Amino acid sequence: MTSRVTFISPAMNASLRQARFDDGRTPLDDSGTAQARAAAGTLPSAAGVFTSPSLRCRETVEALALHGSSVPELAGPAMSRWRGRTLDEVTAVEPESVGRWLTDPGCAPHGGESVRDFCDRVAQWLTAAQDLDGRTLAVVEPEVVRAAVVHALGMPAAAFWRLDVAPLTATELSGRAGRWNLRLGRPLAAPHTG
């Protein structure tokens, strides 16, 4: 059986614009909501739809006219005391901590989850998703997409920071027997009429 998981990154919001460690409560902005609504109906049908628990992911699901279950395992990384702050704010007061966090996947100077632990959590969900019948859609934080790609391609956790995930894009994994193929970064766009 071939498994198909399509990860959708959330539409734009203030946290994404400001490079802020999201606190899970920041809504989509007007342009993000409009872009997601315009893309409604462009995704393939799915047997299951899941979402990160954050407000921006849940609002993206709604704007895409989907109905999904919130899954705690698909939450963004636990950032503890950095949560809600911008990367610039944290760097200004803890430059050494930020440097270690960006270069050592096992480091968690914020008191939350290390990149390695986060990637392992997402990998466990992806492994379980291989047993789901039909196509799976998951509207998730950009970091979840990165972690899924790291796992699917057998990359070291240090590669996490080398992957960029644009808002409202699809990253598709398909595979069987633990081997994944990757199709990334397809923008969700309104159907072309004319």
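Could we say that Thr51 is among the hydroxyl-bearing types (Ser, Thr, Tyr), at pLDDT 95 or above, closer than 23 Å to Gly175 by Cβ and in contact with a Cys (Cβ under 8 Å, 6 or more places away or on another chain) here?
Taking the combined requirement at face value, the residue satisfies it.
Any residue at all in the range 30-44 that is open to solvent by less than 10 Å² (accessible area, probe 1.4 Å), touching a residue at least 12 places away in the same chain (Cβ under 8 Å), of a type outside the set (Gly, Ala, Ser) and under 17 Å from Glu172 (Cβ atoms)?
Checking the range 30-44: not a single residue is open to solvent by less than 10 Å² (accessible area, probe 1.4 Å), touching a residue at least 12 places away in the same chain (Cβ under 8 Å), of a type outside the set (Gly, Ala, Ser) and under 17 Å from Glu172 (Cβ atoms).
Please enumerate the residues belonging to the range 68-112 that are open to solvent by less than 30 Å² (accessible area, probe 1.4 Å) and under 15 Å from Ala147 (Cα atoms).
Within the range 68-112, Leu74, Ala75, Gly76, Pro105 meet the criteria.
Consider Leu137 carefully, then state whether it is at pLDDT below 95, surrounded by 13 or more Cβ atoms within 10 Å (Cβ to Cβ) and within 20 Å of Leu64 (Cα to Cα).
No; evaluated as a whole, the condition is false for this residue.
On the basis of being touching a residue at least 40 places away in the same chain (Cβ under 8 Å) and either surrounded by 15 or more Cβ atoms within 10 Å (Cβ to Cβ) or acidic (Asp, Glu) (or both), does Trp125 make the cut?
Yes.
Can you tell me which of Glu143, Glu172 is open to solvent by 20 Å² or more (accessible area, probe 1.4 Å), touching a Phe, Trp or Tyr at 6+ places or on another chain (Cβ under 8 Å), touching a residue at least 12 places away in the same chain (Cβ under 8 Å) and not in a helix (DSSP H, G or I)?
Step by step, each of Glu143, Glu172 is checked, and only Glu172 is open to solvent by 20 Å² or more (accessible area, probe 1.4 Å), touching a Phe, Trp or Tyr at 6+ places or on another chain (Cβ under 8 Å), touching a residue at least 12 places away in the same chain (Cβ under 8 Å) and not in a helix (DSSP H, G or I).
Counting just the residues of the range 68-95 that are touching a residue at least 12 places away in the same chain (Cβ under 8 Å) and of a type in the set (D, E, K, R), which one comes out farthest from Gly112 (Cα to Cα)?
Among those that are touching a residue at least 12 places away in the same chain (Cβ under 8 Å) and of a type in the set (D, E, K, R), it is Asp88.
Yes or no: Pro53 closer than 15 Å to Glu143 by Cβ and in contact with a Ser or Thr (Cβ under 6 Å, 6 or more places away or on another chain)?
So Pro53 fits the description; yes.
From the list Phe118, Phe160, exactly one residue is of a type outside the set (Ser, Thr, Tyr), modelled with pLDDT of 95 or more, buried (at least 21 other Cβ atoms within 10 Å of the Cβ) and more than 27 Å from Met1 (Cα to Cα). Which is it?
Phe118
Please go through (1) in contact with a strand residue (DSSP E or B) (Cβ under 9 Å, 6 or more places away or on another chain); (2) outside any loop (DSSP other than H, G, I, E, B); (3) aliphatic (A, V, I, L, M); (4) within 21 Å of Val122 (Cβ to Cβ) for Ala11 and return the number of the only condition it doesn't satisfy.
All conditions are met except number (2).
Tell me, please, whether a residue that is part of a helix (DSSP H, G or I), free of Cβ contacts under 8 Å to residues at least 40 places away in the same chain and of a type outside the set (D, E, K, R) can be found in the range 161-168.
no
The values are calculated or read from the model by the stated rules, or taken from the named source; none is laboratory data. These numbers come from a predicted model, not from an experiment. Here Cβ is always computed from backbone atoms with ideal geometry, including for glycine, and neighbour counts include all displayed protein chains. Calculation scope for accessible area: heavy atoms of the full protein, side chains included, ligands and nucleic acids excluded. Shrake-Rupley method; radii C 1.70, N 1.55, O 1.52, S 1.80 Å.
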